[in-house]
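Report on the structure given below.
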Amino acid sequence: MHPKSGLALVVSSTYGTGDVPETAESALASLLDEKPDLSALRFGIISLGDSHYGDTFAKGGLHWDHALRQCGACRVGEILKIDCQSGEDPAVLAKPWLAGWLDLAAGPDAGMATGAVGSDRGR
Ligand SMILES: Cc1cc2nc3c(=O)[nH]c(=O)nc-3n(C[C@H](O)[C@H](O)[C@H](O)COP(=O)(O)O)c2cc1C
């Protein structure tokens, strides 16, 4: 995780048993171990998964949410979970959420906002 301030959009898929992909494990672990000061960072999360996995559906992004919050960063909006087995293009599914997220991020309550956009089912 490189930016320490500003606005970041994290897009994560889910592997293992609700885990982040193997290639992202070390970055996630270093956030949790080193806890850099990210209090000037705001972020959003798009979490990809497959609803056939039941309880662990799209949990990959939740690990980023937890780690970034531990470092003091502030989430803007709700986490968008995308079900990749739906057959729909994830980019198309994300587009309206992204527009809402950008609005929230630019708005007067930016950084305080959760719940206005997206779907956070199953959390
Ligand atoms: C070995 C394996 C484990 C997976 N575990 C989960 C899981 O626990 N939860 C989930 O929602 N999706 C899980 N998935 C589904 C992937 O998240 C899904 O296929 C997604 O589209 C992968 O995105 P990517 O191809 O961009 O990496 C798993 C897929 C594989 C191959």
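The values are calculated or read from the model by the stated rules, or taken from the named source; none is laboratory data. Just so it is clear, the structure is predicted and the values come from calculations on it, not from any experiment. Positions of Cβ are generated from backbone atoms using ideal geometry, with glycine treated the same way; all protein chains shown enter the neighbour counts.
Quick notes on this structure:
- Exclusive hit being modelled with pLDDT of 65 or more and surrounded by 15 or more Cβ atoms within 10 Å (Cβ to Cβ), set 91, 99, 105: 105
- Residues within segment 33-46 that are on the phi < 0 side of the Ramachandran plot and loosely packed, with under 13 Cβ neighbours inside 10 Å, tallied: 5
- Hits in segment 1-53 (condition: over 12 Å from residue 64 (Cα atoms), hydrophobic (A, V, I, L, M, F, W, C) and either assigned to a helix (DSSP H, G or I) or within 9 Å of the ligand (Cβ to nearest atom) (or both)): 48
- Residues in segment 54-82 that are over 14 Å from the mean Cα position of the chain (by Cα) and within 16 Å of the ligand (Cβ to nearest atom): 54, 55, 56.
- Residue check for residue 68: within 27 Å of residue 103 (Cα to Cα), crowded, with 21+ Cβ neighbours inside 10 Å, touching a Phe, Trp or Tyr at 6+ places or on another chain (Cβ under 7 Å) and modelled with pLDDT of 95 or more: yes
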